Structure formats: structure tokens, C-alpha cells
Amino acid sequence: MTVYGPHCSHEECSWITCDLSGLVEFPCRVPGCPHCGAPPATAPEHWASAPARFAAMSPAAQERARAYWRRYPLARRPSDGPTATDGRLRRAMAAISGTDDGQDWASARTLRDLGQFTALWLEGDLATVPGYSGRPAAETAPLVPVLAALNRAGYLTSGSQPGTAGRGADGAWWEQRAAVEGFAGPRAARMLTTAARAADLIVITHDPARLPRRRIRYRLAVPVTRRDGQPVTTFGAHWSRRHLRDPWTGYGACHRHAVDEVCRAWQLTVIDPQWGRPGRLWRVLHDTVTQGGCLYAPEVTP
């Protein structure tokens, strides 16, 4: 398996680009960007995902590779078939983390399983999560209790950030809106949406019946991070079926039944409209799941 690092900054690349740097976050599947033709990187950490090559590296080079993978998720070539890719993904995840929790994710068969495993990852019991190699970011630590509760209750979270405001290391003024995005069944989506809108939070929902086949849609995405007043990050994009089924950028390393459930789930994003406010969104969501109980429970028809 060959892994290519972020090698172009073309805004129309078919993969997601970092809003801050413009570099490809999930690299193209072919050597060189198909739009600008930029060549792939060739430093050791860019090709060390092959377990045999990783084992032959020095300890310093192995740590360098781990740091690279934590920053840039893996990508694969079209020639890597799905069966071979799944096995390679589990071995790469084990090499990155030193633990073999790839088997745990491969055993996930339902949205509920994915939520349980995501909660374990947030709490430090698993070293990896689909689409991200490494532990949660430091800013996520205060959010772990409520995020774990959301995942166990029926809202599979795929991204989140706290509300903050302050001067960054670059001297610029950085602001974040508290935000979370993920996947939920109809009952969970309805309960969370009702509670969030009642609290005057921004809610973005995407109907699974209109799931894009290939390209991610950003029409409804809302800025959640800005630098000196300029947006650099958005939440609320409509993820495509190709993205969700991919074993590197989505949930393709899990059982196909779990992947199907993700594709059939509502995509739900909740954002605090006020910049820098740290707690309101999390209190609303936490109260919803603690008072409403397990959001997987079947609905009772009167």
C-alpha cells in the first residue's frame, strides 16, 4: 500500500481541503493531483504505512511516521481492492497505535456499535477511530463526557469543537463556535433537532434519501472557526456515499451493515450561533440525552 501526503492546494480537488492551509486533508488516490499535477511527497513518513517498511525503520523514524499519520489520515490507490484494503487498514492502525483495535471497528455492524466504539475512543480505551488516526485533540478533552454520552445514546459524532476566543500563537485573533456533527436515526435526529432549535441553536440536517453519490456538498455549511474575522473552518457539509463508504476517509473498514446504517442515517449538525460561548450547546445536548434516555429505543405509537 502506498500513502501519499498532502501534495497540492488546488481548491477544486475532489477530496476535502484544509480550510486554513488549503492543503489536501484526505489526499488524492493517484500519484499527483489530477487537477494541478503536483507530485506526491517522498519523505519516509509518506510511504511508511506498509507494515514491513514500518518495522524496518529506526525508532525515531517510526515516531516521525506516527506523527505524520496522526496529522494526515491515510489514503489508498484505486488498485488496492476492498478486501486487501480492509486488512491493510487494520494492520496500519495497529502499527500507528501499538494496539490492534482495528478488529473492534471491523466487528461493528450497527450505528449503535459505531457509537459505542466512538465513546470508547473518546475515553481513551481505543487508539483509533474511522477517518482519524490517533487520540482526540487536546481541545476535545473537556467535551469527552458529553460526547461519549451522545454516542452511547444514539448520536454518532464525527466531528466537534468547543467555543473559544483568544489570541493565537500566530498573533491573530481566533474564534470558534461550539459545534458538533454526526449521524443519527430518525428518532434521535428529531429529539436533538427539537431541543437545539428550542434553545436557538443552529441546526443543519441532511435527509439520507438525498445522500450524494460522489461529491460532498457544502451549500448549507456554516463557518465555525474564523481568524481575524475570516472563516477558516465550516461544519454542516453533506457527506457523500463515496466518502462514507471509503475505508480511509469514512467507515469502510467496518462491517458493511454498519456502513449501510451510516448511509441511511440523518446527518445532523448543531452549532452555537454565538462565537466563543463554551457551554450552552453542550448543556442542551447533554440534557436531551439524559432526560430522553437511549435514543435508539423504538418509538411507542399511542
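Nothing in this text is a laboratory measurement; each read-out follows from the coordinates by a stated rule. Computed from a predicted model, the values in this text were never measured in an experiment. Cβ placement follows ideal geometry from the backbone for every residue including glycine, while neighbour counts extend to all protein chains displayed.
Quick notes
- Proximal charge balance of residue 289 [Cβ under 15 Å; K/R count +1, D/E count -1]: +4
- Packing around the peptides 162-174, 212-224, taken as the average count of other Cβ atoms within 10 Å per residue, puts them in this order, highest first: 212-224, 162-174.
- Ordered by the count of other Cβ atoms within 10 Å of each Cβ, fewest first, 239, 105, 275 give 275, 239, 105.
- Full extension of the segment from residue 194 to residue 137, taken as 0.36 nm per residue of separation minus the current Cα-Cα distance, would add 17.6 nm.
- Going from the residue with the fewest nearby Cβ atoms within 10 Å to the one with the most, 192, 111 rank 111, 192.
- Residue-by-residue Karplus 3J(HN,Hα) for the stretch 182-188, coefficients 6.51, -1.76, 1.60, Hz, glycine and proline x: x, 10, 8, x, x, 5, 5
- Whole-Hz ³J(HN,Hα) from phi, Karplus 6.51 cos²θ - 1.76 cosθ + 1.60, for the stretch 272-282, glycine and proline x: 6, x, 8, 5, x, 7, x, x, 4, 4, 5
- Under conditions of 10 °C and 1.306 mPa s, the stretch 127-215 yields 104 µm² s⁻¹ as its translational diffusion coefficient, taking Rh as the Kirkwood radius over Cα pairs in the Stokes-Einstein equation.
- Bins of 5 Å, starting at 0 and running to the largest distance - Cα pair percent for the stretch 166-223: 4, 12, 20, 19, 16, 12, 8, 7, 2
- Local electrostatic count, residue 163, Cβ distance below 13 Å [Lys/Arg +1, Asp/Glu -1]: +2
- Rounded to the nearest 0.05, the FRET efficiency derived from the C-beta distance between residue 283 and residue 63 at R0 = 51 Å is 0.85.
- Positive contributions from Lys and Arg (+1) and negative ones from Asp and Glu (-1), summed over other residues with Cβ under 9 Å from the Cβ of residue 111, come out at 0.
- Note that the stretch 241-258 has calculated 3J(HN,Hα) couplings of 4, 4, 5, 5, 7, 6, x, 9, 9, x, 10, x, 7, 8, 4, 4, 5, 5 Hz, one per residue in order, obtained from phi through the Karplus relation 6.51 cos²θ - 1.76 cosθ + 1.60 (θ = phi - 60°); glycine and proline are x.
- Ordering of 279-285, 175-181 by packing is 175-181, 279-285, highest average first (other Cβ atoms within 10 Å, averaged per residue).
- Per residue, the convex hull spanned by the Cα atoms of the stretch 108-292 amounts to 114 cubic angstrom.
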